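Enquirer: For reference, the structure I am asking about is given below.
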Amino acid sequence: MLYTVSELSRRFHAFAVSYLPSGCLGFRETQDFVPYPGGEIPEGASLAELRQAGSNLYASIRSDHAFSGNDSLATLARSQNSTVTFQELTSAHGLVPRTFVINKVGTLVAIGDQSSSNVAIVSRDPASGKLGDLVANLQVGEPGKPGTSTGLSSVIWAE
């Protein structure tokens, strides 16, 4: 399976991937939905990053301001037949979550919030995939401005 999110259409897509007789890859879309409560993302918000850990997928949602002005991460559940469903929305603990990464053991998520220029670390339960409390927050340089390319752009774990 191949999973994507589209910033402009603000939708999640799933594709079954196969090799065609010609030797080329073939893609058949199996799902297309908005990964947000009620199936509708607020005006001006967009999807950005998509990551998988275990049977969960996570998508960053920029400029939705769903948590006291902070933006969001959407948790999606992947079933054994690869069907994906929306589970919950949690805080990105900053503005414009451009990037995020899950540590090797799956217990922490580092969220790089571009416009607030911070790295928020949240707990993650590897068994359930549920994102938890904020455990650390680091300001990195000057905050950027939403809608521009200023601020924090990437974060990785070096393990």
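Every number in this text was worked out from the coordinates using simple rules, so none of it is lab data. Computed from a predicted model, the values in this text were never measured in an experiment. Counting neighbours? That spans all protein chains shown, and the Cβs are built from the backbone with ideal geometry, glycine included.
Enquirer: In which sequence would E142, E88 go, from the one with the fewest C-beta neighbours within 10 Å to the one with the most?
Expert: Lowest to highest Cβ neighbour count: E142, E88.
Enquirer: Which GluC sites (Glu not before Pro) in region 16-46 sit in a loop by DSSP (not H, G, I, E or B) and have at most 13 other Cβ atoms within 10 Å of their own Cβ?
Expert: Sparse-neighbourhood loop GluC sites (Glu not before Pro): E40, E43.
Enquirer: In nm, give the distance between the simple-model label positions of L25 and D133, each being 7 Å from the Cα along the Cα-to-Cβ direction.
Expert: Spacing of the two 7 Å Cα→Cβ label points: 4.2 nm.
Enquirer: Determine, for I121, I102, the number of other Cβ atoms within 10 Å of each Cβ, and report the residues in order from fewest to most.
Expert: Lowest count first: I121, I102.
Enquirer: Taking the Cα centre of each part, how many Å lie between region 40-110 and region 1-21?
Expert: When both Cα centres are located, 17 Å separates them.
Enquirer: With the chain treated as a Gaussian network of Cα nodes joined by springs under 10 Å, which of G94, G147, G132 yields the largest mean-square fluctuation?
Expert: Looking only at G94, G147, G132, the biggest GNM fluctuation is shown by G147.
Enquirer: Mind telling me which of N70, N81, N137 comes out most flexible in a GNM of the chain, alpha-carbon contacts under 10 Å?
Expert: Fluctuation is largest for N81.
Enquirer: While we're looking at this one, here's another question. Estimate the FRET efficiency between S123 and D32 by the formula 1/(1 + (r/R0)^6), using the beta-carbon distance for r and 41 Å for R0, to the nearest 0.05.
Expert: 0.85
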